[in-house]
Each structure stands twice: as C-alpha cells, then as structure tokens.
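Worksheet: one structure, shown below.
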Amino acid sequence: MLKDTDTSIYIDAFTYVKRSKNRQEIIQIIGTSRNKTPSEIKEEMGARFSLTSRVLSDLREKNIVECLDPEAKTGRVYYLTDLGLRIYRDL
C-alpha cells in the first residue's frame, strides 16, 4: 500500500509530465528502449539538442529520469527511475 507522501509525490510528478508534450515524449522514448542518450532522444523527437538537454535536466531534478554516467562529457545514458517507470505506464 502506498503512503500518502508516496501518492502525493507521484501525483505531483505525473501532472508535471502531463503538462508538457516534450516531457511526455521523452518519457515515452526512454520507456520504450530502457536507455537513451540525449542525441538519440533528439533524433527521435526531431527537436533541438538544447530543448532535449533542458527537459532531461528538469526530469532529473524531479527524480523521473537518472543518468547512468553523470561524469561523462558526451554520450550520457539516461533511464527512467521507479517513479519515471510508473509515470510511463500511466501515460
């Protein structure tokens, strides 16, 4: 059973993602393949790299995505956290 705080965190994160088509699309892209680099996400979205990077940074701050290799200068790999996976399943 989920605690009230878990439910509140999920609702806040889910509504945050739902308010942006770009956030939703990135969650879908990562969710269908498990791991993606920003360049791969950018290619699939047809978006600018700056947009992709900004959205990934925002999602990371919200604990929705995580970076496997945050110290890497290029080719960082992102995946969905447990919270992100839950959101992905509910989109």
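Of the GluC sites (Glu not before Pro) in the chain, the ones in a loop by DSSP (not H, G, I, E or B) with at most 13 other beta carbons within 10 Å are Glu71. The length gained by stretching the chain between Ser39 and Ala72 to full extension, at 0.36 nm per residue less their Cα-Cα distance, is 10.5 nm. Note on Ile29, Ile87, Ile41, Ile11: ascending count of other Cβ atoms within 10 Å places them as Ile11, Ile29, Ile41, Ile87, the fewest first.
Here the chain is assigned +1 on the Cβ of each Lys and Arg and -1 on the Cβ of each Asp and Glu. Its dipole about the Cα centre then comes out at about 260 debye.
Hey, what number do you get for the chain at 222 nm if only DSSP H runs of n ≥ 4 count, each worth -39500 (n - 2.57), divided across all residues, to the nearest 500? Working shown, then result.
Working: 5 runs with 58 residues, N = 91.
The helix-only estimate for the chain comes to -19500 deg cm²/dmol at 222 nm.
Applying a DSSP loop filter and a limit of 13 other Cβ atoms within 10 Å to the trypsin sites (Lys or Arg not before Pro) in the stretch 31-91 leaves Arg34, Arg48, Lys73.
None of the figures in this text is laboratory data; all of them are computed from the coordinates on show. Since we're looking at a predicted model, the values are computed, not measured. Please note: Cβ atoms are built from the backbone with ideal geometry, for glycine as well, and neighbour counts cover all protein chains shown.
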